[in-house]
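A.B. asks: Before we start, here is the structure in question, set down as structure tokens.
The values are calculated or read from the model by the stated rules, or taken from the named source; none is laboratory data. Small disclaimer: the values here were computed from a predicted structure and weren't measured. In this analysis, Cβ positions are derived from the backbone assuming ideal geometry, glycine residues included, and neighbour counts consider all displayed protein chains.
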Amino acid sequence: MSENSKNKILNSIAAVRTQRAAAIAVNSYPDSELYRPVEPDAVSCFKTELESISGSCILCKNEEDFSRKIKELLTEKHIEKLFCRDGSIAELLSKHHISTTSDKNDFEPMEAGITGCEFLIARTGSVLVSSASLSGRQMHAFPPVHFIMAYQSQLVDYPENALKAIQQKYGTKLPSAITTITGPSRTADIEKTLVLGAHGPKELIVLLIES
């Protein structure tokens, strides 16, 4: 390659970098301009957004209230046992006489599973999860009914805040997979008819604990 050709290529690369930097500068908007405001508060906004996309958000005053309400849900849905790989959640449920299992033989036939999460995004009604969870990756996609135990302290306003929070939490050792769940699995590929549970949980229920 001649020196002249090399310089042309380098100049082209430099020009593209300059254009990209300019585009980023022009399109850098505050969160308030990209999204509607989080109103009237983060809890109410998250609940409204999640329920608008066929998810459920149940508010709980404390862990005892959480256990009572999930017990009621299991009875209502005729679910006898929850699949749970998170020892701390399983221990809490066990104290309130709620049966859980983590036996691999119970994984495939499970009726419902429960996990924690990393953060909740109020503006979009999304749940941020990662592979660092004690529940692993499969539990966020496999259970027909997915219960999520979360705390109001995990709420952030916008997606950008969730990414910043997870960077602060893990530093340079980020999980290998970071995913947002926005409502139950859905598709409208067949005759443009919305079908829930096509590629994952048919029901997503977030139990949001005040403290």
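A.B. asks: Inside segment 163-211, can you point out the residues that are over 15 Å from residue 126 (Cβ atoms), at pLDDT 85 or above and not charged (D, E, K, R)?
C.D. replies: 167, 168, 170, 171, 172, 174, 175, 176, 177, 207, 209
A.B. asks: Every residue in segment 113-132 that is closer than 21 Å to residue 70 by Cα and not in a strand (DSSP E or B), please.
C.D. replies: Within segment 113-132, 116, 117, 118, 125 meet the criteria.
A.B. asks: Out of curiosity, is residue 86 surrounded by 15 or more Cβ atoms within 10 Å (Cβ to Cβ) and over 14 Å from residue 206 (Cα atoms)?
C.D. replies: Details: surrounded by 15 or more Cβ atoms within 10 Å (Cβ to Cβ): yes; over 14 Å from residue 206 (Cα atoms): yes.
Yes, satisfied.
A.B. asks: Being touching a residue at least 60 places away in the same chain (Cβ under 8 Å) and assigned to a helix (DSSP H, G or I) is the filter here, so list the residues in segment 67-112 that pass it.
C.D. replies: 69, 70, 73, 89
A.B. asks: Against the definition (more than 28 Å from residue 156 (Cβ to Cβ) and either at pLDDT 95 or above or not assigned by TED's automatic domain parsing to the domain that holds residue 154 (or both)), how does residue 67 come out, yes or no? Give the derivation first.
C.D. replies: Working: more than 28 Å from residue 156 (Cβ to Cβ): no; either at pLDDT 95 or above or not assigned by TED's automatic domain parsing to the domain that holds residue 154 (or both): yes.
It is false that residue 67 is more than 28 Å from residue 156 (Cβ to Cβ) and either at pLDDT 95 or above or not assigned by TED's automatic domain parsing to the domain that holds residue 154 (or both).
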